[in-house]
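These notes are about the structure you will find just below.
The values are calculated or read from the model by the stated rules, or taken from the named source; none is laboratory data. Everything numeric in this text was worked out from a predicted model, so none of it was measured. Virtual Cβ from ideal backbone geometry, glycine too; neighbours counted across all protein chains shown.
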């Protein structure tokens, strides 16, 4: 119903139309309407049925109520539901300063791509358009999705006429992710600790557009872990988005979040190795991944390894991923690593260059593989490469170089002194004495270098030292079958009491053969009796031959002196002695 305050003046003007700013409408009511929208280019269709629409009386510059509700159905993707809208709208047709207040939108939907129980979204808020500034200023917006509440404060939509961008402070109220998923009919992730994913909250400065999303001044709390920093995804309008991150984490127990089987079975030989071999490599994801990230963790537990002051940088592009530099403090020492994954070919290639320095062996091996029979401090350098997408393939193709140096420790469960006393008894033809003292062998140093090929480490320069003993050896470590086999030689160098060497005077300087073999987790050291007896017999035989040779030389000397004279006899004696040698 058009109205004009001009009355007669309007009539005198020949019935000219009133200005737009002077238009007024008494209201609009639509009942049980059906509307169909088709996008022929995109091949999509939206059908609205049972539409109820009420628009209050409209006067320029004044707010009027809007109410709408109905059912909707999409063809692609196949989903449907209901929607209800309530708001008060103010339209300034002259100045363009439009506003929406008291917005309340509720949408319930089920169908393709949604949880079995469907989703419910509620939005409350409002906003005002500032045409001169080309932006929409929003009132505090409250969102509720599947029971999770969020508040968008101090928000605005900028560059409305060109490339709209939403900016605001986003806060997600604490909620239970595990319980939320279960309420939606979704099975939550299976984790080693079922008490994970029970608390999540978030605060950040949000920047969002059609091409990028950025979270600045981010503070994320997940269970007992707090992360702060920045996250971003750019290139959303293209086929290959790029992910950016810079995070500081106070503490993280990753083992709690790993699947139970992965936690028990995925053990590596080092922090980087554990991470690389801990699960199937997602080859497709690696090939498409474009990312750059920096991460700092105050305290970390992953694959059993406990570390602190962890820092790493990740770069991924074109099917290649690199973790470098990777640093950490752990078990009293330091870790430095460089991990590379090349997934460009049909089979991914993993390369690691790692160094552990001055780490305490017993707690490290206990946490890593449950092995507590070795103590001391160790330094390990490994340059390795492998091919494959799973732990088995990686172990079978593992190749490279390894160097180990252990200091001031002990091997539990092995009493080398007792084995040497057994050797002495066998040499005497006596029964082996009862073992006495602790099943433990102290060492001051153990060093070894080796080459790995197809998952088997070959070491030819093992050297161990203790106050009374020197041990050399060579052998193999089969990482595929998880077994080792070494032949050792132990030599007594001192028999000082209190150092385990007492009673071994007869063996001083005598190499005693030992055998080290068995599963990696529980190898056994035994006296190599067969080699010991064989070498002893050979030694005795050489001693007898030497004694007979001396007797023969003496006999010949006397006979020659008698028959040829002293001077000629001595000359022939020297010649014959050279022949006999």
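Looking at 160, 170, 105, 145, just one residue is without any contact (Cβ under 8 Å) to a residue 60 or more places away in the chain, within 28 Å of residue 222 (Cβ to Cβ), touching a strand residue (DSSP E or B) at 6+ places or on another chain (Cβ under 7 Å) and surrounded by fewer than 17 Cβ atoms within 10 Å (Cβ to Cβ), and that residue is 145.
Only a single item in (1) at pLDDT 95 or above; (2) surrounded by fewer than 16 Cβ atoms within 10 Å (Cβ to Cβ); (3) not in a loop (DSSP other than H, G, I, E, B) is not met by residue 261, and it is number (1). Is it the case that residue 364 is touching a helix residue (DSSP H, G or I) at 6+ places or on another chain (Cβ under 6 Å) and part of a helix (DSSP H, G or I)? The answer is no for residue 364. No other residue among 293, 385, 328 is buried (at least 18 other Cβ atoms within 10 Å of the Cβ), outside the structural domain of residue 446 (by TED's automatic domain parsing), at negative phi and in contact with a strand residue (DSSP E or B) (Cβ under 9 Å, 6 or more places away or on another chain) apart from 328. Under the condition of being at pLDDT 95 or above and part of a loop (DSSP other than H, G, I, E, B), which residue from region 390-421 is surrounded by the most Cβ atoms within 10 Å (Cβ to Cβ)? Of everything passing the filter in region 390-421, 398 is surrounded by the most Cβ atoms within 10 Å (Cβ to Cβ).
What pairs come up if the first residue lies in region 236-247 and is loosely packed, with under 13 Cβ neighbours inside 10 Å, the second is outside any loop (DSSP other than H, G, I, E, B), and their beta carbons are under 7 Å apart, counting only those six or more places apart or on different chains? Between residues of region 236-247 that are loosely packed, with under 13 Cβ neighbours inside 10 Å and residues that are outside any loop (DSSP other than H, G, I, E, B), the close pairs are 240/288. On the stretch given as region 427-461, residues that are within 14 Å of residue 416 (Cβ to Cβ), buried (at least 19 other Cβ atoms within 10 Å of the Cβ) and either in contact with a helix residue (DSSP H, G or I) (Cβ under 6 Å, 6 or more places away or on another chain) or at pLDDT 95 or above (or both) total 2.
Would you please name the residue that is modelled with the highest pLDDT, looking only at residues in region 34-61 that are loosely packed, with under 14 Cβ neighbours inside 10 Å and over 55 Å from the mean Cα position of the chain (by Cα)? Applying the filter and picking the extreme gives 57.
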